[in-house]
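Take a look at the structure below.
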Amino acid sequence: MIELLKLCGFEEHEIESELPRIEKAFNKLGITDEDIKRGKQRLTKYYDIELKGVRKVFRLIVRELVDAMLLKEEGKKKIIYGFMSPGVDVIGSAVVTKSKEMFVIHHCWAFHIVFGCIFGKMVPILEAAEKKWLKAGVVAHCANVKTLVGPIVLGLFPKPDLLITSGLMCETAPKTLDLLHEIYDIPVIYVETCHDRGIGEYYDEIMRTAALTAKNMKILAERIGDVVGFKITDDMLLEVQDAKGKLQNAFSKVRQLVASSDPLLLSPTHDNIWMCLNMLTLSIDDIAEAVDAIDTLYEELQERVNKGIGVVEKGAPRIMVVLPAGQTDPRLEHLLCEVGIAAVVSDTSIPMPMPSGKELKDPYMKYGLGIALQALGPCLAIRIPIIVEGCKKYNIDGVLDRFHVGCRVVAGDALLIESAVKKELGIPVLLLEWENFDPRVYNHEQYKRRLEVFKAMMTKKSS
């Protein structure tokens, strides 16, 4: 256990004081000595754990899951879970900064990384959900909602005082919470927002989505305030947004360095831990720790640049990857490096153009714009040009157009993205069925063969 915690960035003095808590939390999760051994192997295989910045990020993620497992024993007065819900990270950070007696978590993020990516134990969780009402199979229910239902039905996570979701990206999330409310009597609130799929003027569409999100975020803040017993003020939210803005600036520096590197500096397996870090409901002090972790990573990656160190050979084909990295299983991203393909950027990490106008001082509109401008937020008529321009900017040789088959939105977009990239750029596109949350779908030999053919197509075109 101690060796595993050191790999995850825990210092000697911290291990001494925190080990009893961590052991208690891991015992509740059913983590065995064999799991610990496998976890150490997976950390060293799939992640550049020798980098101090990477270890620091894992520390924050593990710590949040441990805290979540011990809520009742440690006397937290109010517990709030978010699931695919905008605003939980910012409002939650404001709440936990104000009071250590409260706990807010974006439910599945840390669980995905620790239980899935580190220990490789997601299958029993998915099977527990499938024994309820969520169907199994590649084209059945999305495994993300199963990673919410599974821990609740198994009693791993305590019953929350409030569960929050939205239909922004997934109509299954609100339906799932309906059932959790009816079966387990969990209070639920739905944040109304929209994934605007219409084709219209960019500015109007973005502002319409942002305004609706902002309106309902205010309602959410009032409801959370009622639960925790104090008002969530604009100043509290602005303080969190300022702190998270520094974190985003640190991430931007790392992403630009990686995207421009040759050889590729860092495996794309790390993309999922960056996403998780962004969604943790950290206090202001903890956000500062996160900034320090990413700043440390930037310095370490700059040293790799100076020494010419990379994770694939210099001159390897450069690709853009569609959609975020696998959130419970790093094997596909790791396979890209094994095959010799440099995944330098994802469409989800390319910033969208900000509408013109004065800086918004309303924290709700600032957050609403952030939601509207995320890579999967705008309609496809806007998203495709962003992908095409990103390919030009980063000298991309091909696009891995993977699509999460459990999601109607992205599955429907995949063919149109493939067609547009081939037409506009004439570069190879690999259309790949994939499940972002279910490791059972991963087929190593099939994926390897297809990636090798994809690499050959890119190499032939560039020669």
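The values are calculated or read from the model by the stated rules, or taken from the named source; none is laboratory data. Keep in mind it's a predicted model, so treat the numbers as computed, not measured. Every residue, glycine as well, gets a Cβ built from its backbone with ideal geometry; the counts of neighbours run over all protein chains shown.
Of note:
- Note on the stretch 100-144: residues that are in contact (Cβ under 8 Å) with a residue 40 or more places away in the chain and in a helix (DSSP H, G or I) total 15.
- In the stretch 1-21, the residues that are in a helix (DSSP H, G or I) and either at positive phi or hydroxyl-bearing (S, T, Y) (or both): S17
Per-residue answers, yes or no, for (1) aliphatic (A, V, I, L, M); (2) buried (at least 21 other Cβ atoms within 10 Å of the Cβ); (3) in contact (Cβ under 8 Å) with a residue 12 or more places away in the chain:
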residue	(1), (2), (3)
V291	yes, no, yes
V305	yes, no, yes
P330	no, yes, yes
A343	yes, yes, yes
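- Evaluated against (1) assigned to a loop (DSSP other than H, G, I, E, B); (2) more than 22 Å from K100 (Cβ to Cβ); (3) touching a Gly at 6+ places or on another chain (Cβ under 7 Å), N272 falls short on exactly one condition, (1).
- Residues within the stretch 21-53 that are in contact (Cβ under 8 Å) with a residue 60 or more places away in the chain, within 13 Å of L5 (Cα to Cα) and among the aliphatic types (A, V, I, L, M), tallied: 1
Here's the yes/no breakdown for (1) within 25 Å of the chain's Cα centre (by Cα); (2) modelled with pLDDT of 95 or more; (3) closer than 20 Å to K455 by Cα; (4) not in a helix (DSSP H, G or I):
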| site | (1), (2), (3), (4) |
| --- | --- |
| C391 | yes, yes, yes, no |
| N395 | no, yes, yes, yes |
| V399 | yes, yes, yes, yes |
| R402 | yes, no, yes, yes |
| G412 | yes, no, no, no |
| L416 | yes, no, no, no |
| K422 | no, yes, yes, no |
| L431 | yes, yes, yes, yes |
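- Screening the candidates A210, A243, A214 for the property of being in a helix (DSSP H, G or I), under 23 Å from the mean Cα position of the chain (by Cα) and within 30 Å of S267 (Cβ to Cβ) yields one hit, A243.
- From the options K121, K132, K146, residue that is surrounded by fewer than 22 Cβ atoms within 10 Å (Cβ to Cβ), under 30 Å from L43 (Cβ atoms) and among the basic types (K, R): K121
- Members of the stretch 133-159 found to be under 22 Å from the mean Cα position of the chain (by Cα), of a type outside the set (A, V, I, L, M, F, W, C) and within 21 Å of M102 (Cα to Cα), listed by number: P151
- The residue that is surrounded by the most Cβ atoms within 10 Å (Cβ to Cβ), counting only those in the stretch 155-173 that are of a type in the set (A, V, I, L, M) and closer than 18 Å to K78 by Cα, is I164.
- Residue count for the stretch 432-463, restricted to those that are farther than 29 Å from H112 by Cα and surrounded by fewer than 20 Cβ atoms within 10 Å (Cβ to Cβ): 8
- D347 meets the stated requirement of being more than 22 Å from G39 (Cβ to Cβ) and within 16 Å of the chain's Cα centre (by Cα).
- Single condition P20 does not satisfy, out of (1) in contact with a Leu (Cβ under 7 Å, 6 or more places away or on another chain); (2) over 19 Å from I113 (Cβ atoms): (1)
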